[in-house]
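Read-outs throughout are calculated quantities, based only on the coordinates presented, and are distinct from any laboratory measurement. Treat the numbers as computed from the prediction; the structure is a model and nothing was measured. Because the Cβ atoms are built from the backbone with ideal geometry, glycine has one as well, and the counts that use them run over all protein chains shown.
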């Protein structure tokens, strides 16, 4: 496992009234568009105003329950929507969804009260209650500071102060010492806060790591790899930046997926899969070679075979080598068109050929 530092394009957002504490409008990890409200700071005397509004809501509901003259289709529709939400709410166990449902229900109850007030005669008890509630609500809203998203992206309240240090614009100043001097704990979740938030680019991110392996030293910008995270999730990546250091190489991998898996972290562990092929693994001693047929596209090159033993009968089967090291090879069968076009096989010859499959018995050091 390797240590990696998560680098993101992040814009911290904070208002002047941060000492008042905040109310989250958008939840952690929720996507927002530019100019969407993200959170607001509490207004002065908010606790008192909220209490008065809640008391009035109870009085309004009681007054409406005793009123029988409301036949508005709008009210009936809102009542049905509220009832549906209440039924659905009983089946939920996701905290964020529950909070959203409660918010929707309260919004519809408020709308229902306002419609009822409009239908009530001027000077009626219900209308007076609703007007009083609106006054408190206006005072509450006018005293709140709303913070909006300066750009689209993912909302996060996990601000660690490194948003201006570990950025895609800082690659030229990156080095192993700088990253180690941050003294970050691997796998530690960045703490949330009640003062500020940030908008994170949800289309691309980066992971920086220092390596001293042969593969890393041979790597080039643009090379594709697979990163396996500590939860076994695999994400595709490309090398976007590298720095040659005295005894190792600093690599920065660019990722375009799995960003939500890294949203809570700044330093992680992961594995690098430099190459991946799907095929059959055989020892090199099971391979034999012959020169390609004269006149074929691969004339002068070797074509490789394995000898399959099935119930005492042997077959020489041409195989394609996908990847090879000093001991083993990853092989697969050729397509019929490849054998004809590249290696000069006729249609009749291809028909007579068998294919090697999993669990076949392959001869080692075969005699040909």
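Compared with the dominant principal axis of the Cα atoms in the chain, helix 125-142 is inclined by about 50°. The fewest-to-most ranking of 365, 359 by surrounding Cβ atoms within 10 Å reads 359, 365.
Per-residue ellipticity at 222 nm for the chain, helices alone: DSSP H runs ≥ 4 residues times -39500 (n - 2.57), over residue total, nearest 500 deg cm²/dmol? Don't skip to the end; give the middle numbers.
Values: 9 runs with 106 residues, N = 368.
Helices in the chain give a 222 nm mean residue ellipticity of -9000 deg cm²/dmol.
Work out the FRET efficiency for residue 363 and residue 261 from their Cβ-Cβ distance, taking R0 = 45 Å, and round it to the nearest 0.05. If you can, show how the numbers build up before the last one.
Values: r = 46 Å, r/R0 = 1.01.
Between residue 363 and residue 261 the formula returns 0.50.
Evaluate E = 1/(1 + (r/R0)^6) for residue 224 and residue 314, where r is the Cβ-Cβ distance and R0 equals 30 Å; express this FRET efficiency to the nearest 0.05. Let's see the in-between values first.
Numbers: r = 39 Å, r/R0 = 1.31.
The calculated FRET efficiency here is 0.15.
Compared with the dominant Cα axis of the chain, that is its longest principal axis, helix 46-65 is turned about 70°. In the distance distribution for region 153-302, Cα-Cα pairs more than 29 Å apart total 33 percent. Approximating the spin labels as points 7 Å out from Cα along Cα→Cβ, the residue 274-to-residue 30 distance works out to 4.6 nm. Kirkwood-type hydrodynamic radius, region 244-303: 17.5 Å, calculated from all non-identical alpha-carbon pairs.
Residues of region 276-294 with backbone nitrogen within less than 20 Å of a virtual label 7 Å along the Cα-to-Cβ line of residue 326, please, listed as ranges. In region 276-294, the label zone of residue 326 (backbone N under 20 Å from the point 7 Å along Cα→Cβ) covers 282-287.
Mean sequence separation of contacting Cα pairs (under 8 Å, at least six apart), scaled by the length of the chain, corresponds to a relative contact order of 19 percent. By other beta-carbon atoms within 10 Å, ranking 172, 326, 336 with the fewest at the front produces 326, 172, 336. For region 148-204, the convex hull drawn through the C-alpha positions has a volume of 112 cubic angstrom per residue. Pairs of C-alpha atoms in region 215-368 farther apart than 27 Å represent 46 percent of all such pairs.
The orientation-averaged projected area of the convex hull spanned by the Cα atoms of region 280-362 comes to 5.6 nm². Between residue 85 and residue 59, what FRET efficiency comes out of the Förster formula 1/(1 + (r/R0)^6) with R0 = 25 Å and r the beta carbon distance, rounded to 0.05? With a Förster radius of 25 Å, E is 0.65. In units of the compact-protein estimate 2.2 N^0.38 Å, the chain shows a Cα radius of gyration of 1.60.
The modelled label-to-label distance for the pair residue 23/residue 335, using points 7 Å beyond Cα in the direction of Cβ, is 6.1 nm. Counting 0.36 nm for each residue step from residue 131 to residue 233 and taking away their Cα separation leaves a gain of 31.3 nm.
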